[in-house]
Amino acid sequence: MTREELQRLIDVIVSELTAAPGELSRPRAYCQCHSVLDDCCPDRLRGVLDAGATRVGLHATGGAPAGVSAMIDHTLLKPDATRQNIEDLCREAAQFKFATVCVNPTWVALCARLLSGSGVGVCSVVGFPLGATTSDVKGYETRRAIFDGAREIDMVINVGALKSGDLHVVARDIEAVTGPCRDAGVLSKVIIEAALLTDDEKVTACTLAKAAGADYVKTSTGFGPGGATAADVALMRRVVGAEMGVKAAGGVRDLEGMKAMIAAGATRVGASAGVKIVQQARGEKPSAVPAGY
């Protein structure tokens, strides 16, 4: 990124932050019928529709999208996950038709083999969970995960650089991942770890991700001090607009939680409780979660 490009980017961020205070300080009211932040029912799926959805199915009770499983990255990122846990994850993903399995890099090749022909993709993480590795290392991680069969990459930004105001460092860090993804036709998601950021920093992070050509911004790693909130998802959606995806991750444990994220503007949800969420959407009794999840 040249000095001129960086200056233009800074101008965009300043413009966003100048517009943000009125929006961010607006009193937050809860919809009486659903207890979800912001606008009431007629507008609660606007983020999904604006992001490109052409059909959304709802149960009469307020329900969840009929294609709920296709919006879930079935996730297992625990460091002590075993091969058997990963095989179970892939079996469930194929059975329930999740969008992807989201796993640590060491499991990508195995998952790609197990899910070949299933229609379920493999998502891996880069610079995870701290975001504190250097940009060249994140670039290598990305290329290796793609080589092993990943079709989506969730990278963690350099949080410390962002909080230090080193925007050029953060921009280069994100581009180290989005560049190889773009070249390979792989989706890129930028994890901003919202619980560590001020609202102004969230705006800046989302603006940098958008400028770097990322496909999604994502709320959290699930390893930070907090996970996804509807308020953060709504803010991120406002900043990135309709052309980017927003992924809510961390703490989405049931159908009601997923509905709240979708209402706020999420188009993808990362969850280890994906099977439970789909079973709840179907009106089934949730099955026990295997050990290791």
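Summary of values
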{"read-out": "Some residue of segment 262-269 being surrounded by fewer than 24 Cβ atoms within 10 Å (Cβ to Cβ), in contact with a Gly (Cβ under 8 Å, 6 or more places away or on another chain) and modelled with pLDDT of 95 or more", "value": "yes"}
{"read-out": "Residue within segment 101-108 that is part of a helix (DSSP H, G or I), β-branched (V, I, T), in contact (Cβ under 8 Å) with a residue 40 or more places away in the chain and closer than 16 Å to G179 by Cβ present", "value": "no"}
{"read-out": "Any hit, segment 68-81, residues being touching a Phe, Trp or Tyr at 6+ places or on another chain (Cβ under 8 Å), surrounded by fewer than 17 Cβ atoms within 10 Å (Cβ to Cβ) and among the charged types (D, E, K, R)", "value": "yes"}
{"read-out": "Which numbered condition R237 fails, given (1) assigned to a helix (DSSP H, G or I); (2) touching a residue at least 24 places away in the same chain (Cβ under 8 Å); (3) surrounded by fewer than 24 Cβ atoms within 10 Å (Cβ to Cβ)", "value": "(3)"}
{"read-out": "Subset of segment 167-201 (residues that are of a type in the set (V, I, T) and closer than 28 Å to A230 by Cβ)", "value": "V170, I174, V177, T178, V190, I191, I192, T198"}
{"read-out": "Residue list for segment 265-281, restricted to those being within 9 Å of H74 (Cα to Cα), part of a loop (DSSP other than H, G, I, E, B) and not hydroxyl-bearing (S, T, Y)", "value": "A273"}
{"read-out": "Where V126 falls short, out of the listed (1) farther than 18 Å from D73 by Cα; (2) surrounded by 17 or more Cβ atoms within 10 Å (Cβ to Cβ); (3) in contact with an Asp or Glu (Cβ under 7 Å, 6 or more places away or on another chain)", "value": "(1)"}
{"read-out": "Conditions (1) over 26 Å from G226 (Cβ atoms); (2) touching a strand residue (DSSP E or B) at 6+ places or on another chain (Cβ under 6 Å); (3) acidic (D, E): number failed by E92", "value": "(2)"}
{"read-out": "Residue pairs meeting the criteria (Cβ under 8 Å; at least 6 apart or on separate chains; first without any contact (Cβ under 8 Å) to a residue 24 or more places away in the chain, in segment 186-210; second outside any helix (DSSP H, G or I))", "value": "none"}
{"read-out": "Tally of residues being within 19 Å of the chain's Cα centre (by Cα) and part of a helix (DSSP H, G or I) across segment 181-198", "value": "5"}
{"read-out": "Residue check, G251 modelled with pLDDT under 95, touching a Gly at 6+ places or on another chain (Cβ under 9 Å) and either under 25 Å from L76 (Cα atoms) or outside any loop (DSSP other than H, G, I, E, B) (or both)", "value": "yes"}
{"read-out": "Yes/no for I146 being surrounded by fewer than 23 Cβ atoms within 10 Å (Cβ to Cβ), touching a residue at least 40 places away in the same chain (Cβ under 8 Å), under 30 Å from L115 (Cβ atoms) and aliphatic (A, V, I, L, M)", "value": "yes"}
{"read-out": "Members of segment 109-125 found to be in contact (Cβ under 8 Å) with a residue 40 or more places away in the chain and touching a Gly at 6+ places or on another chain (Cβ under 7 Å), listed by number", "value": "A109"}
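Residue-by-condition table, conditions (1) over 20 Å from the mean Cα position of the chain (by Cα); (2) among the small types (G, A, S); (3) modelled with pLDDT of 95 or more:
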{"position": "T75", "(1), (2), (3)": "no, no, yes"}
{"position": "A93", "(1), (2), (3)": "no, yes, yes"}
{"position": "K97", "(1), (2), (3)": "no, no, yes"}
{"position": "T100", "(1), (2), (3)": "no, no, yes"}
{"position": "T106", "(1), (2), (3)": "yes, no, yes"}
{"position": "A112", "(1), (2), (3)": "yes, yes, yes"}
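The values are calculated or read from the model by the stated rules, or taken from the named source; none is laboratory data. Only a predicted model underlies this, so the values are computations on that prediction, with no experimental measurement involved. With ideal geometry, Cβ positions are generated from the backbone for all residues, glycine too; neighbour counts draw on all protein chains shown.
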